[in-house]
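Step one of this worksheet: look at the structure below.
The values are calculated or read from the model by the stated rules, or taken from the named source; none is laboratory data. The structure presented is a predicted model; accordingly, all values stated were derived computationally and were not measured. Positions of Cβ are backbone-derived with ideal geometry, glycine not excepted, and every protein chain shown enters the neighbour counts. The accessibility values were calculated without ligands, DNA or RNA, using every heavy atom of the protein model including side chains. Shrake-Rupley method; radii C 1.70, N 1.55, O 1.52, S 1.80 Å.
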Amino acid sequence: MKDLYEFPFIQSEEDKIDGAEDWLVSLFGEKSSFVEKFPKVSHTYTKYRIELFPYFFLLQQKKEITSYTWICKNDLHKIPFSSGHKKIKERLF
């Protein structure tokens with residue numbers, strides 16, 4: 001969504017933590033630590049309805065990845081998010 005931020009995500013029709021863990025390893029080159037599974041978030045835009053299955057992971061170190069921006073948790077309130085990802089952001093606080 002143009003000019004709105006979103007957390008990194010993978011598209012899947014199922015709520016599967018294994019796929020998320022594998023994707024994080026391929027992206028960051030290291031295993032992450034699972035912290036928490038958040039409740040499912042329903043998100044509707046125009047004629048589409050999607051469900052988000054958010055998981056919270058921690059990494060040992062920050063790694064620069066093209067097309068991703070690291071943002072300090074304390075600064076997340078300043079960033080415009082799509083409505084579904086905004087609901088996830090609110091769970092962090």
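Give the value in nm², to one decimal: projected area of the alpha carbon convex hull of region 50-93, averaged over all directions.
4.0 nm²
Within region 37-68, list the chymotrypsin sites (Phe, Trp or Tyr not before Pro) lying in a DSSP loop whose Cβ has at most 14 other Cβ atoms in a 10 Å radius.
68
Calculate, for residue 40 and residue 66, the FRET efficiency according to 1/(1 + (r/R0)^6) with r their C-beta to C-beta distance and R0 41 Å; round to the nearest 0.05. Could the numbers behind the result be given before it?
Working: r = 30 Å, r/R0 = 0.73.
Efficiency computed from Cβ-Cβ geometry: 0.85.
Rolling a 1.4 angstrom probe over the protein chains, ignoring ligands and nucleic acids, what is the accessible area of residue 4 in square angstrom, nearest 10?
Around 70 Å² of this residue is reachable by solvent.
Would you mind pulling out the separation of the Cα centroids of region 67-87 and region 1-66, in Å?
Between the Cα centres of region 67-87 and region 1-66 lies a distance of 13 Å.
Please calculate the 1.4 Å probe accessible area of residue 9, with all protein chains present, and give it to the nearest 10 Å².
Ignoring ligands and nucleic acids, residue 9 comes out at about 100 Å².
For the chain, which span is the longest to avoid every loop-located (per DSSP) member of trypsin sites (Lys or Arg not before Pro) having at most 13 other Cβ atoms inside 10 Å?
My reading of the result: 64-93 is the longest stretch.
Based on C-alpha coordinates, I'd like the Rg and Dmax of region 1-54, in Å.
Cα radius of gyration and Dmax of region 1-54 are 12.8, 38 Å respectively.
Are there GluC sites (Glu not before Pro) in region 11-73 that DSSP marks as loop and that have at most 16 other Cβ atoms within 10 Å, and which are they?
For GluC sites (Glu not before Pro) across region 11-73 that sit outside H, G, I, E and B with at most 16 neighbouring Cβ atoms in 10 Å, the list reads 13, 14, 30, 64.
HN-Hα J couplings of region 81-93 from phi, Karplus 6.51/-1.76/1.60, θ = phi - 60°, integer Hz, Gly and Pro as x?
Per-residue couplings from phi come out as 10, 4, 4, x, 6, 5, 5, 5, 4, 5, 5, 5, 10 Hz.
Where does region 1-91 land on the Kirkwood hydrodynamic radius, alpha-carbon pairs, in angstrom?
Numbers: mean 1/r = 0.0696 Å⁻¹.
It works out to 14.4 Å.
With labels modelled as points extended 7 Å from the Cα through the Cβ direction, what inter-label distance (nm, one decimal) is found for residue 47 paired with residue 10?
In this crude label model, residue 47 to residue 10 measures out at 3.1 nm.
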